[in-house]
Structure formats: C-alpha cells, structure tokens
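What follows is a set of notes on a single structure, which appears directly below.
The values are calculated or read from the model by the stated rules, or taken from the named source; none is laboratory data. Worth saying up front: this structure is predicted, and the values here are computed from it rather than measured. Every residue, glycine among them, receives a Cβ derived from its backbone with ideal geometry; neighbour counts consider all protein chains shown.
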Amino acid sequence: MPMDRKDAESLFMRVKGLRALVVGDLMLDEYLWGKAERISPEAPVQVVDVSREDMRLGGAGNVVNNLVAFGAGVSICSVIGGDENGTILRHAFTGKGVDVTGVFEDPMRMTSKKTRVLAANQQIVRIDRETREDVSPEFEEKILAYVSDRHNVWDIILISDYGKGLLTPKVLSVVIGSAKERGIPVIVDPKGTDYLKYRGATIITPNRKEAEVASRIAITDNASLRRAADILLAEGEYHALLITRSAEGMSLFLHGGEEVHIPTVAREVYDVTGAGDTVVATFGIALACGLTFELAARLANVAAGIAVGKVGTSTVSAEEIVGSIRLEHQDSDIKIKNLDALASCIEEEKRKGKRVAFTNGCFDLLHVGHVKYLQKARTYGDLLILGLNSDASIRRLKGEKRPLIDQHERAHILAALDCIDYVVIFDEDTPIRLLETLRPDVLVKGGDYTPDRVVGKDLVESYGGRIELVEFVDGKSTTNIIEKILQNYS
C-alpha cells in the first residue's frame with residue numbers, strides 16, 4: 001500500500017493543530033567545514049583549514065526541529081547544564097516558538113556538545129563534550145512533576161534516548177505509564193541493551209544494529225529479523241516495532257504477528273546523522289493525525305530517504321515529502337486533491353483574483369459528450385474544479401452494476417484533460433459539502449437540468465455566485481455506449 005500524495009497533503013494540513021511533547025537528551029551539534037589539503041609537520045595528521053562554522057540542535061533537539069518544520073506545536077522536557085551551551089540551546093528553542101518550561105538547568109552537569117570537523121563533505125573527526133551519568137533524584141522529580149501536570153495537553157509523546165542519563169528507568173516508567181492511561185501514543189527512539197525500560201510504549205524504532213544488540217539475535221535474513229522482532233515485542237509489550245534497515249528500508253512488526261517490509265526510497269546517501277530523529281518525528285505526527293502504523297511507517301520512510309541526502313542533522317519539510325511522493329506519479333496525479341488540501345489551493349487562487357468554476361458528476365466511461373461539456377464549463381472561470389462521485393455514491397444513484405470504471409481511474413483520466421484544473425472525489429449523494437467549502441463563482445450543470453433543479457443553486461447565489469447550464473451533445477452518453485457494446489458483442 002504506497003503512500004498517497006493527496007493523503008500526505010491532507011495530513012500536513014492537520015499537523016498545524018497538533019501538540020507534541022519531546023522528552024529526551026539535548027545537545028548541540030557543531031560543524032566545522034573546511035579543506036584538508038596538507039599534512040601537519042607536527043604529527044601525521046591532516047590539517048583542516050576551517051572556512052565555515054555551523055551550530056545546530058542535536059539529539060532530541062533534532063526531533064523538535066523536524067516537528068516544528070512540519071508545523072506542530074512542540075514542548076520539550078529535558079535537563080541541561082548551567083553553562084553557555086545550555087543558554088544557547090534554550091535561546092535556539094525559544095526562537096522557534098518551542099515551549100521550554102520543561103527544560104531544567106543542573107549546574108552539576110555539562111550540556112552535551114558534539115563538534116564534527118568536515119572536509120569535502122567527509123567527517124574527519126568528532127569531539128564530544130558531555131555528561132553521561134543519570135540525572136539526580138531531584139531532577140527526576142522535576143521531570144515527572146512537569147509531565148504529570150500537563151499530560152492532557154499533548155496529542156503525542158516522543159521519547160528520544162541518546163543515553164546521556166536523562167531517561168532513567170523511573171522517568172520512563174512514569175512517562176510511558178501515565179500516557180498509556182490517558183490514551184496518548186508514545187513513540188520511542190531507543191538506546192542501549194535493555195529495552196525493558198520502554199515497556200508499554202506504543203512503538204519503538206531501533207535501527208538494525210540496535211535491534212540485534214537488544215534482542216541478542218544476529219540479523220542476517222528475514223527469518224532472523226522476525227525472531228529478533230518477536231523477542232522485542234514480547235518483552236516490551238509494544239503495539240508495534242519499526243526496525244530501520246539502512247539500504248534495505250524499514251520493517252514494521254505489529255503485536256498480532258503482521259509484518260510489513262518497506263523498501264528504501266532510492267537516493268544518494270550523504271550522511272545518516274539524524275535520520276532516526278526524522279523517522280521518529282514523521283511517524284509521530286502521522287500516528288497522531290490518525291494514520292495506521294503502516295501508512296505512518298511509509299511516510300517516515302519517505303522522510304528518511306530525504307534526510308540521508310543532506311549533510312549533518314537536518315530537517316525535512318512537508319513540501320519535500322509531498323514532492324518526493326509526487327515524483328512516483330509524474331502525471332496528472334498532481335491535480336487530484338482531497339477537499340481540505342483543495343480548499344487551501346482555491347483560497348490562494350482566489351487571492352490572486354482567479355474566478356473559479358465548478359461542476360460535478362459521475363463521468364463513468366468518458367466520451368466526447370463529456371469532453372465538450374467540460375471544455376465549455378472551463379470557459380466560465382479561470383480554473384475548473386470537477387467534483388467526482390465516488391464508487392459508493394454512484395452505486396446508490398445508478399445501481400450495483402455501476403460504475404464501470406473505479407473512482408481512482410476515473411479521477412486520473414479526467415485530470416489528464418487540459419480543461420480541468422482540479423479533481424476532488426466526494427462520497428455524498430450531492431456536492432453540497434464541496435460547494436459550502438469551496439464557494440465557486442460559477443456552478444455549471446448540464447442542459448438536462450432547469451435552474452430550479454440544480455442542487456446548490458440557492459447556496460451559490462447567496463454569496464453572489466451564478467448558475468450556468470451547458471447543453472449536452474445529442475446521442476452521446478455512457479448508457480448509449482453500453483447498449484451499443486451489448487448489441488455488437490452479445
């Protein structure tokens with residue numbers, strides 16, 4: 001089941017009202033870019049002439065970055081040091097509109113900072129400055145008090161474990177347990193060998209190496225992959241497990257035994273740094289917006305493919321994901337929209353002064369009468385929207401033997417016509433909901449109608465729109481074509 005481009009568009013529109021909590025280890029990722037063209041006379045090492053410096057939010061901060069890029073409202077809960085790097089982190093978050101009331105300063109800790117030196121896009125060396133000890137009981141209590149007081153605020157909780165001491169067994173137990181009681185999904189990007197501490201989470205997302213270590217199974221083929229997954233699911237009582245497998249894509253395992261293997265999206269790999277953060281963020285917003293585990297995983301797979309094509313910890317935008325999915329359908333697919341995405345497009349077109357015409361129908365077995373009708377309808381506006389009856393609505397209107405062509409095929413055929421700008425499929429018996437949402441300037445119907453019989457006439461005229469009737473080509477209809485086929489071939 002591939003990810004549908006129009007469903008992805010609709011999902012990212014729903015993200016705007018989403019509230020997410022990220023609990024995890026924060027760090028700064030510093031990048032020093034330069035050239036390495038000589039060897040040091042002091043020791044047999046390369047000399048890097050630094051030409052550019054870049055500071056980014058790393059660890060759980062990269063999960064936050066991705067969520068913000070998608071448009072979600074984000075809160076972060078963590079512990080940082082009372083140092084300059086901690087101040088830089090806090091200011092970076094507030095500058096992005098992130099709620100940092102759950103970020104606590106411990107003067108006894110060092111804020112994590114990883115410095116990477118790169119030449120010709122290749123990492124030469126990494127320097128780590130950090131504290132790895134567990135946070136003190138005092139700060140455990142601060143974290144738990146913060147999360148417990150606000151649990152009803154969030155739609156999703158993402159746990160980003162980088163093994164720096166924030167996510168103690170007590171913190172994880174309380175956060176996951178209380179979220180489970182309230183029906184809030186919890187997505188975990190795990191670390192270490194003991195996954196029992198994540199017990200009860202909705203889903204965990206280890207990579208293959210992490211899954212091998214935690215399950216104590218060497219993953220060499222699909223059979224060993226399945227055994228490792230069974231062990232992790234049984235021990236952790238998760239609803240699902242998503243194992244990322246680099247060039248082999250992703251494998252999703254559900255608690256009931258179902259498994260789905262998703263091939264990687266082919267693209268050149270520059271850097272896998274932060275790709276796991278992108279997977280967690282994308283999967284999280286998809287699940288919170290109502291997608292199934294499988295569709296959420298497929299969306300995350302697309303996002304990961306984009307992330308590894310960038311150097312360093314990077315975000316992936318909704319536009320990039322939709323654009324990547326669109327590349328799989330380089331045809332009229334771009335014209336087919338869900339109603340929420342179409343409404344946004346039409347609002348923008350109207351701001352540009354465009355006049356919108358609308359018509360609707362079944363258009364089962366497209367013929368010349370349809371084409372001429374649609375071409376004429378297009379003349380009444382700067383763009384034409386076609387509301388297309390779904391298969392279910394056609395069966396209610398015309399009987400169980402119709403349609404002859406399913407709704408997705410009909411939509412693609414119609415979208416290929418130059419006179420049509422957008423196609424939207426609707427499941428109701430009438431297009432009233434489409435008219436209420438899109439508010440076209442002109443409602444076009446066939447000449448077999450009289451103005452008083454046009455559904456939506458009063459609505460359209462109430463805001464200043466008008467009705468236009470277009471005569472059909474005589475003798476051209478789907479029914480006539482069906483009868484001719486039966487006569488010739490029966």
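List of remarks:
- Residue within the stretch 418-441 that is at pLDDT below 90 and farther than 25 Å from residue 367 by Cα present: no
- Selection within the stretch 88-115: residues that are among the charged types (D, E, K, R) and either free of Cβ contacts under 8 Å to residues at least 24 places away in the same chain or in contact with a Gly (Cβ under 9 Å, 6 or more places away or on another chain) (or both). The member of this set that is surrounded by the fewest Cβ atoms within 10 Å (Cβ to Cβ) is 105.
- Members of the stretch 143-178 that are touching a residue at least 40 places away in the same chain (Cβ under 8 Å), surrounded by fewer than 17 Cβ atoms within 10 Å (Cβ to Cβ) and not in a loop (DSSP other than H, G, I, E, B): 150, 153
- In the stretch 30-75, residue surrounded by the most Cβ atoms within 10 Å (Cβ to Cβ) [restricted to those that are touching a Gly at 6+ places or on another chain (Cβ under 6 Å) and of a type in the set (A, V, I, L, M, F, W, C)]: 60
- Taking the listed residues 226, 208, the one that is in the same structural domain as residue 282 (by TED's automatic domain parsing) and touching a helix residue (DSSP H, G or I) at 6+ places or on another chain (Cβ under 8 Å) is 208, with no other qualifying.
- Criterion: aliphatic (A, V, I, L, M), closer than 22 Å to residue 142 by Cα and touching a residue at least 40 places away in the same chain (Cβ under 8 Å) - qualifying residue of 48, 79: 79
- Looking across the stretch 422-451, just one residue is surrounded by fewer than 18 Cβ atoms within 10 Å (Cβ to Cβ) and in a strand (DSSP E or B), and that is 446.
- Selection from the stretch 179-212 of residues that are surrounded by 16 or more Cβ atoms within 10 Å (Cβ to Cβ) and aliphatic (A, V, I, L, M): 179, 184, 186, 187, 188, 201, 203, 204, 211
- Some residue of the stretch 197-206 being under 23 Å from residue 7 (Cα atoms) and under 17 Å from the mean Cα position of the chain (by Cα): yes
- Residues (in a helix (DSSP H, G or I) and at positive phi) located in the stretch 452-464: none
- Hits in the stretch 428-445 (condition: more than 25 Å from the chain's Cα centre (by Cα) and not aliphatic (A, V, I, L, M)): 428, 429, 430, 431, 433, 436, 439, 440, 441, 445
- When residue 399 is tested against (1) without any contact (Cβ under 8 Å) to a residue 12 or more places away in the chain; (2) over 23 Å from residue 476 (Cβ atoms), exactly one condition is not met: (2).
- For the stretch 118-142, filtered to residues that are assigned to a loop (DSSP other than H, G, I, E, B) and over 32 Å from the mean Cα position of the chain (by Cα), the residue that is surrounded by the most Cβ atoms within 10 Å (Cβ to Cβ) is 135.
- Filtered by the rule that a residue be in a helix (DSSP H, G or I) and out of contact with any helix residue (DSSP H, G or I) (no Cβ under 6 Å at 6 or more places or on another chain), the stretch 50-73 gives 60, 61, 64, 65, 68, 69.
- Qualifying residue in the stretch 308-318 (condition: out of contact with any helix residue (DSSP H, G or I) (no Cβ under 8 Å at 6 or more places or on another chain), farther than 30 Å from residue 253 by Cβ and assigned by TED's automatic domain parsing to the domain that holds residue 159): yes
- Taken over the stretch 379-396, the residue count meeting the criterion of being among the acidic types (Asp, Glu) and in contact with a Pro (Cβ under 7 Å, 6 or more places away or on another chain) is 1.
- Among the residues of the stretch 358-383, those identified as within 19 Å of residue 346 (Cβ to Cβ), buried (at least 20 other Cβ atoms within 10 Å of the Cβ) and under 32 Å from the mean Cα position of the chain (by Cα) are 358, 359, 360.
- Neighbours by Cβ (under 7 Å, 6+ apart or cross-chain): first from the stretch 5-28, outside the structural domain of residue 299 (by TED's automatic domain parsing); second at pLDDT 95 or above and part of a strand (DSSP E or B): none
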